[in-house]
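Participant: Here it is, the structure in full.
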Amino acid sequence: MVSSVLVPRRSRAKIWSVIILLVLLAVVGSVSYLGWRQSVRGVVSLTPPPRFVGARTALVFTLEAARGNVAHAEIRAVQGANSAVVAKQEGALGRRVEIPVLLESARLGLREGDARLEVWTRDDFWRPLRRRDRPVASYPVTVDLTPPKVELLGATRYVASGGSGLVAFRVTGASRATVSAGKLAEPSFAWGPPERGARVALIALPWDTTRGVPLAITAEDEAGNVASRGIPSELRPRRFPRDTIEIKDTFLQAKVPELLPQRSPSQSLVDGFLVINRDLRREAEETKRRIGATTADAPLWDGPLVQPRKTKVFANFAERRSYRYRGREIDTQVHYGYDLASTRQSSVPAANRGVVVFAEPLTIYGNAVIVDHGLGLQTLYAHLSSIEVKVGDTVTTGQELGRTGATGLAMGDHLHFEVLIHGVSVTPIEWWDAKWIRDHITQPLREAGLPEIGTREEPVRRAPAGNTPRRR
Ligand SMILES: [Zn+2]
């Protein structure tokens, strides 16, 4: 009792108020801390699934916990009164977790129509009051188990290796329709009156296509249901000529430093040539394929492609070339175009109407121009000494694109000319020939009852004779 005697009353009251204040602060602090823990949001689902699910649909759900780890994750497919667990994971799954799901509609008893995908999940973050299990996300989906319908309307009867063809068809209930020759799958385009719902596709048969390579139309809907139908075209293999090219030192001295400026001094000219002839050639092929995807979804051309006047073919399409140096074969490659000889630096005319989609140096092709004629049909002009058009220019048949030259891997001034379908080289012979086009492109469209392609009613505007376009 000594202290009570010594401490004055006013001071005791002060101590008590401090104690009460501290207790109050502790209580308020604890309550707000517990309140904060309780309020921390749980796990969220970051990736909504696609709107449609099919017979077998693979999905990935990404879940993320705000604090702690995702501790429990369950994906349920709900339709009417049925609820089925399609994926489940438990344990400390990490702050962010990916749950792969393979939805097999038949096994889950899903019928066509509306359904829901629910994400049930929990974290391991401690909260004063445990939360009830509940779906953190619920996504409406449509179950679609009906594959698209593919109906063939017409197709080129006889196709040849290194040649072209056309197929007309109709698909119902599809969001994507491609046409394939072997491994190459190419797009198709709506054609004719919209109410008919017809599509067309040009087909390229690479030069080495053999009998038995399947030609097919494949349609896919948004739910991933796929339908495929064979194209009843008969393939006639073609034989292509062979040629031998002698590589001279003077040629190597002129071309290798030009085409391979970063070559190391230890690399011989002939090794440099092989890099150009193999790697740079392959790069150019890849560029052609990439540019082939940039095409108008309507035909821009009108009538057969036009061969430049007064030119002589001196190397053929799909010629197999053996390269010889000092008496031995050092390489073999395939020549994808026609070499056309004329006078030096002669005018290079556009083979038909179109839009310039490429106008710059292209490795072995030197200065090159690619003109898009729509629906995947393109023409390539190579080894030019000058280019007089730019990407985006609309060109008319016969309009000057540039002048012939010997840029790239060319031995002398000539025009290297290619016809491409979706970036795959095909023989120009077919597209130069009005009768071939009638029998192989127009005929299947007639069978299909569709309008002709590449025969416009409006008059063709040709570049006036003697017109010299601007030089760049
Ligand atoms: Zn050539």
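The values are calculated or read from the model by the stated rules, or taken from the named source; none is laboratory data. All values derive from a computational prediction rather than experimental measurement. Virtual Cβ from ideal backbone geometry, glycine too; neighbours counted across all protein chains shown.
Participant: With the requirement that a residue be modelled with pLDDT of 90 or more and exposed (fewer than 14 other Cβ atoms within 10 Å of the Cβ), what does the stretch 52-80 give you?
Facilitator: Selection gives A58, V60, T62, G80.
Participant: Just need a number here: residues in the stretch 350-371 that are assigned to a strand (DSSP E or B) and buried (at least 23 other Cβ atoms within 10 Å of the Cβ).
Facilitator: At the first step, the residues of the stretch 350-371 found to be assigned to a strand (DSSP E or B) are 354-361, 367-371.
From the residues that got through so far, the ones that are buried (at least 23 other Cβ atoms within 10 Å of the Cβ) too are 354, 359, 368-371.
So the answer is 6.
Participant: Taking interchain pairs and intrachain pairs at least six residues apart, which have beta carbon atoms under 7 angstrom, with the first residue in the stretch 214-239 and farther than 30 Å from E430 by Cα and the second loosely packed, with under 15 Cβ neighbours inside 10 Å and at pLDDT 95 or above?
Facilitator: Pairs that qualify, where the first residue is farther than 30 Å from E430 by Cα and the partner is loosely packed, with under 15 Cβ neighbours inside 10 Å and at pLDDT 95 or above, are A227/K149.
Participant: Which condition from (1) part of a strand (DSSP E or B); (2) over 18 Å from G449 (Cβ atoms); (3) not polar (S, T, N, Q) is the one that A223 breaks?
Facilitator: The failed condition is (1).
Participant: State all residues of the stretch 373-386 that are crowded, with 23+ Cβ neighbours inside 10 Å, assigned to a strand (DSSP E or B) and more than 14 Å from the ligand (Cβ to nearest atom); if no residue qualifies, say none.
Facilitator: H373, L377, Q378
Participant: Scan the stretch 343-352 for residues that are under 17 Å from L380 (Cβ atoms) and within 16 Å of the ligand (Cβ to nearest atom) and report the count.
Facilitator: Residues flagged as under 17 Å from L380 (Cβ atoms) and within 16 Å of the ligand (Cβ to nearest atom) within the stretch 343-352 amount to 2.
Participant: Another question about this same structure. When you scan the stretch 138-191, how many residues do you find that are surrounded by 21 or more Cβ atoms within 10 Å (Cβ to Cβ) and among the hydroxyl-bearing types (S, T, Y)?
Facilitator: Qualifying residue count, the stretch 138-191: 4.
Participant: Restrict the check to the stretch 440-449 and report whether at least one residue is surrounded by fewer than 22 Cβ atoms within 10 Å (Cβ to Cβ), in contact with a Gly (Cβ under 6 Å, 6 or more places away or on another chain) and touching a residue at least 40 places away in the same chain (Cβ under 8 Å).
Facilitator: yes
Participant: Exactly one of these conditions fails for W301: (1) within 16 Å of the ligand (Cβ to nearest atom); (2) part of a loop (DSSP other than H, G, I, E, B). Give me its number.
Facilitator: It fails just one condition, (1).
Participant: Given the condition in a loop (DSSP other than H, G, I, E, B), touching a residue at least 60 places away in the same chain (Cβ under 8 Å) and either under 21 Å from A174 (Cβ atoms) or touching a helix residue (DSSP H, G or I) at 6+ places or on another chain (Cβ under 8 Å) (or both), answer yes or no: does some residue in the stretch 54-75 qualify?
Facilitator: yes
Participant: Which residue, of Q253, Q307, is over 30 Å from P444 (Cβ atoms) and either touching a Phe, Trp or Tyr at 6+ places or on another chain (Cβ under 6 Å) or loosely packed, with under 15 Cβ neighbours inside 10 Å (or both)?
Facilitator: Q253
Participant: Hey, can you tell me all the residues within the stretch 312-337 that are among the charged types (D, E, K, R) and either under 17 Å from D271 (Cβ atoms) or within 11 Å of the ligand (Cβ to nearest atom) (or both)?
Facilitator: Of the residues in the stretch 312-337, the ones among the charged types (D, E, K, R) are 312, 319-321, 324, 326, 328-329, 331.
Hits for the stretch 312-337 are E319, R321, R324, R326, R328, E329, D331.
Participant: Restricting the search to the stretch 405-425, which residues are within 22 Å of I291 (Cα to Cα) and either more than 15 Å from the ligand (Cβ to nearest atom) or not in a strand (DSSP E or B) (or both)?
Facilitator: T407, G408, L409, I421, H422, G423, V424
Participant: Additional query: Please go through the stretch 163-181 and give me each residue that is outside any strand (DSSP E or B) and touching a Pro at 6+ places or on another chain (Cβ under 7 Å), ordered by number.
Facilitator: G173, A174
Participant: Looking at R281, is it within 16 Å of the ligand (Cβ to nearest atom), closer than 20 Å to M411 by Cα and among the charged types (D, E, K, R)?
Facilitator: The answer is yes for R281.
Participant: Could you grab me the full set of residues in the stretch 189-227 that are among the hydroxyl-bearing types (S, T, Y) and modelled with pLDDT under 95?
Facilitator: T209, T210
Participant: Also, quick follow-up: Scan the stretch 98-123 for residues that are surrounded by 12 or more Cβ atoms within 10 Å (Cβ to Cβ), among the hydrophobic types (A, V, I, L, M, F, W, C) and over 12 Å from E74 (Cα atoms) and jot them down.
Facilitator: L103, L108, L110, A115
Participant: Could you please find all residues in the stretch 137-159 being closer than 29 Å to T62 by Cα and part of a loop (DSSP other than H, G, I, E, B)?
Facilitator: D144, L145, T146, P147
Participant: Okay, moving on. Assess whether T287 counts as being hydroxyl-bearing (S, T, Y), closer than 24 Å to Q345 by Cα and outside the structural domain of A185 (by TED's automatic domain parsing).
Facilitator: Considered against the rule, which asks whether it is hydroxyl-bearing (S, T, Y), closer than 24 Å to Q345 by Cα and outside the structural domain of A185 (by TED's automatic domain parsing), T287 comes out as no.
Participant: Looking at the stretch 125-136, is at least one residue over 30 Å from D433 (Cβ atoms), among the aromatic types (F, W, Y) and surrounded by 13 or more Cβ atoms within 10 Å (Cβ to Cβ)?
Facilitator: The answer is yes, given that some residue of the stretch 125-136 is over 30 Å from D433 (Cβ atoms), among the aromatic types (F, W, Y) and surrounded by 13 or more Cβ atoms within 10 Å (Cβ to Cβ).
Participant: If you go through the stretch 192-220, how many residues are part of a strand (DSSP E or B) and either touching a Cys at 6+ places or on another chain (Cβ under 8 Å) or buried (at least 21 other Cβ atoms within 10 Å of the Cβ) (or both)?
Facilitator: Taking the stretch 192-220 and keeping what is part of a strand (DSSP E or B), we get 198-204, 215-220.
So of that shortlist, the ones also either touching a Cys at 6+ places or on another chain (Cβ under 8 Å) or buried (at least 21 other Cβ atoms within 10 Å of the Cβ) (or both) come out as 198-204, 215, 217, 219.
Qualifying residue count for the region: 10.
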